[in-house]
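Following: one structure in structure tokens, then a few remarks.
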Amino acid sequence: MTEIIDPRLQKLKEARQRAEMGGGESRIAKQHAKGKMTARERIAAFLDPGSFQELQPFTISASSKNIPGDGVVTGFGTVDGRTVFIYAQDFTVSGGSVSLAHARKIVQVVELAMQNGAPVVGFLDSGGARIQEGIRALQGYGELFRANAMASGVIPQISVMMGPCAGGAAYSPALTDFIVMTDKTSMMFITGPDVVKSVTGEIIDHQGLGGAHVHATRSGVSHFIGSSEEESMAITRKLLSYLPSNNMESPPVVPTEDDPFRTDEVLNSLVPEDPNTPYDMYEVIRRVVDLGSFFEVHAGWAGNAIVGFARLEGKTVGIVAQQPMVMAGVLDINASDKIARFVRFCDAFNVPLITFVDSPGFLPGTAQEHGGIIRHGAKALYAYIEATVPKISIVTRKAYGGAYIVMSSKSIGADLHLAWPSAEIAVMGAEGAVNILHRRDLKAAEDPEAKRKELVEAYREEFCNPYRAAEYGIVDDIIEPAQTRPVLVKALRAIREPARYVPPKKHGVMPV
Ligand code: HXC
């Protein structure tokens, strides 16, 4: 018996099949040969099974050889049951290049995401502006950049790089909150190797110019690196689990078995007595937050600073810290940028900030001064001051001078400023201070080295401790390190987002 199919359904079926074939079998095979999934495979692998609803699969433009969908698959679905708006560029159609229609499909999902208060996730794999479209492609990009900027701070935007992202096209991901790059297959650059060669004479390949490692470790453009497309997706799903769907909501609560009042004796002896011996700040963070909940952002870049999400009592917190094991936890240009950006994200999305401070100050030198450490350090200051989410800081060891102030000190608006007994809160370190204050004494001394040692000891005793700050009420309490988790839990139960006075203004002028 032959099955009779309604001709209208048959037509729809064929149209859909054509759309789903993208650029055709041979280009799909080429995509697979590069170790890359197709746009539809990516969406299917990322979202909860069966949750995807596509939008505008039949859009065409002459410049994509009339292939339905115009080189991008867009729509919505769910991740762990939460709504996500999504797009995936289809490299099999004109290299995933961006026409006006292609760009407008993406703009539509960004706008729907904003209107409906859900994150937007993009899988990028594109040759950039579709050359045959000329100015229409640039119009499309401009509209997309505008949508990205308008959505900034309203909904989380995540760009997952799974192929090339050439030219000004890199500015759409750059305007989003997080970039996940896939190792070996993804790349981002403004001008490609050919242009670089013709302008500077430098010979470099795509990966060397703008591969995942470059952006995850040197430029800081990428926040995460996945070793495969599957891993990039897993990172993205995990990231979403820490984030609220929009700026009016709180992040989801993830139940934990970890006792909120768990103490940890190891913390009492973690900071070495010798102020110049480093210790691992990751150890501090991991022992304080809900077990296994620390999720680092920008792990490969500016390692002297640590930023990332974690949970306390199942609720998301943003962790900012110094790492004494990398450049003694000094603040430099990159660390300042890393901190400023993370603080601003947390503030925009209702994530309380916990800051662990151990920094000897800003990095001296012409490279830093000429590179604009003043301008960059100011970003971190500005971001902390502007943040209205609960801010709790804990000085574990060094908090000298400018670094002390920047790192969520009471003076710039911390709700609670705590110190461990090992804290050294001072204008500057003992050696530097003694050299300035006692230059003459040291010159006159019979044994200058012995005198210096004596004076350094005296300075340390007098100034390098948390008690002065506590006497002035600048430190709210000096706590036993073992008690850090219970103290933070109690504090976060008590401190909601306080109403802070902000003078009327359109917006501040953040130093960038
Ligand atoms: C139209 C494009 C295209 C583009 C690739 N294709 N890029 N079509 N416009 N920008 C097409 C190719 O013609 C080819 O079509 C198919 O996509 C696959 O491309 P291949 O080159 O075969 O792939 P591959 O070897 O993997 O190289 C990928 C690539 C390369 C590195 C991305 O294609 C490339 O360099 N493309 C140009 C990149 C670029 O300069 N873009 C413009 C940047 S300026 P067929 O039919 O053969 O399969 C820009 C301005 C944005 O983006 C401004 C915003 C402000």
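Annotation: amide H-H contacts under 5 Å for Leu331 (H modelled 1.01 Å from N, sequence separation of 5 or more, or interchain): Gly361, Phe362, Leu363. Using alpha-carbon positions, what is the distance between the centroids of region 58-104 and region 297-319, in Å? Going from one Cα centre to the other spans 33 Å. Total lysine pairs in region 394-511 at Cα distances under 21 Å, for residues eight or more apart or on different chains: 5.
Taking the centroid of alpha carbons for each part, region 1-44 and region 118-142 are 23 Å apart.
Any idea what the dipole of the chain comes to, in debye rounded to 20, about its Cα centre with Lys/Arg Cβ at +1 and Asp/Glu Cβ at -1? Could the numbers behind the result be given before it?
Working: 52 positive and 58 negative charges, 368 e Å.
Computed about the Cα centre, the dipole is about 1760 debye.
Peptides 357-364, 75-82 ranked from most to least packed give 357-364, 75-82, packing being the mean of other C-beta atoms within 10 angstrom over each peptide's residues.
Of the GluC sites (Glu not before Pro) in region 1-51, the ones in a loop by DSSP (not H, G, I, E or B) with at most 15 other beta carbons within 10 Å are Glu3.
Here the gap between Ala149 and Lys13, fully extended at 0.36 nm per residue and compared with their Cα-Cα distance, gives a gain of 45.2 nm. Ignoring aspartates and glutamates fewer than eight residues from Lys11 along the same chain, the ones with Cα atoms less than 16 angstrom from its Cα are Glu3, Glu20.
Just subtract the alpha-carbon distance of Arg500 and Ala29 from 0.36 nm times their residue separation and send over the number in nm, one decimal.
163.8 nm
Exposure proxy ranking for Ser51, Ser97, based on other Cβ atoms within 10 angstrom of each Cβ and starting from the fewest, stands as Ser51, Ser97. Legend: translational diffusion of region 269-341 by Stokes-Einstein, Rh = Kirkwood radius over C-alpha pairs, 25 °C, 0.890 mPa s; D = 192 µm²/s.
Take each peptide in 371-377, 155-161, 27-33, count the other Cβ atoms within 10 Å of every residue, and average; sorted highest first, the result is 155-161, 371-377, 27-33. Sequence-distant contacts, meaning Cα pairs under 8 Å at least 6 residues apart, place the relative contact order of the chain at 9 percent.
Only sites in a loop by DSSP and with at most 14 other Cβ atoms within 10 Å count here; which chymotrypsin sites (Phe, Trp or Tyr not before Pro) in region 221-306 make the cut?
Working: sites: Phe224, Tyr242, Phe261, Tyr279, Tyr282, Phe294, Phe295, Trp301; in loops: Phe261, Tyr279, Phe294, Trp301.
Answer by residue number: Phe261.
For Lys238, a cut-off of 23 angstrom between C-alpha atoms picks up these lysines, skipping any fewer than 8 places away in its own chain: Lys36, Lys184, Lys315, Lys338. With 19 Å as the cut-off, how large is the P(r) tail for region 1-106, expressed as percent of Cα-Cα pairs? Of all Cα-Cα distances in region 1-106, 47 percent exceed 19 Å.
Take the Cα of Asn116, step 7 Å toward its Cβ, do the same at Ser269, and the gap between the two points is 5.6 nm. Of the GluC sites (Glu not before Pro) found in region 423-483, those that fall in a DSSP loop while having at most 11 other beta-carbon atoms within 10 Å are Glu446. Candidates Ile135, Ala44, Ser99 compared by Cα position along the dipole of region 1-150: farthest toward the positive end lies Ile135, with charges placed on Cβ. Dividing the alpha-carbon radius of gyration of the chain by the rule-of-thumb value 2.2 N^0.38 Å gives 1.12.
Lys105: which lysines have alpha carbons under 18 Å from its alpha carbon, excluding same-chain residues fewer than 8 sequence positions away? Hits, sequence-local ones excluded: Lys65.
Give the shape of region 457-512 as rounded, prolate or oblate, defined through the alpha-carbon gyration tensor: a ≥ b ≥ c are the square roots of its eigenvalues, a/c under 1.5 means rounded, and otherwise the shape is prolate if a/b is larger than b/c and oblate if not.
oblate
With Cα atoms as the point set, the radius of gyration and Dmax of region 347-410 evaluate to 12.7, 38 Å. What is region 250-302 by shape, rounded, prolate or oblate, if you read a ≥ b ≥ c off the alpha carbon gyration tensor as root eigenvalues and call it rounded for a/c under 1.5, prolate for a/b larger than b/c, and oblate otherwise? The shape class here is oblate. For the peptides 491-501, 472-482, the ranking by packing is 472-482, 491-501, with the highest mean count of neighbouring Cβ atoms within 10 Å listed first.
Between region 367-398 and region 181-254, the C-alpha centres lie 24 angstrom from each other. Of the beta bridges in the chain, as assigned by DSSP with both residues counted there, near 35 percent are antiparallel. What FRET efficiency do you get for Arg440 and Glu480 if R0 is 45 Å and r is their Cβ-Cβ distance, rounded to the nearest 0.05? Once rounded, the FRET efficiency stands at 0.60.
Every helix of 4 or more DSSP H residues in the chain counts as -39500 (n - 2.57), and over all residues that averages to -11000 deg cm²/dmol at 222 nm. Taken along the Cα-to-beta-carbon direction at a fixed 7 Å, the label points for Asp280 and Ala44 span 4.2 nm.
Computed over the alpha-carbon atoms, region 369-451 gives an Rg to Rh ratio of 1.14, Rh here being the Kirkwood radius from the mean inverse distance. One decimal place: the segment Leu291-Glu257 gains 11.4 nm when fully extended, by the rule 0.36 nm per residue minus the C-alpha distance.
Quick note: the coordinates plus some simple rules give every number you see, no bench work behind them. None of these values were measured; they are calculated from a predicted model. Ideal geometry is used to build each Cβ from the backbone, glycine not excepted, and the neighbour counts take in all protein chains shown.
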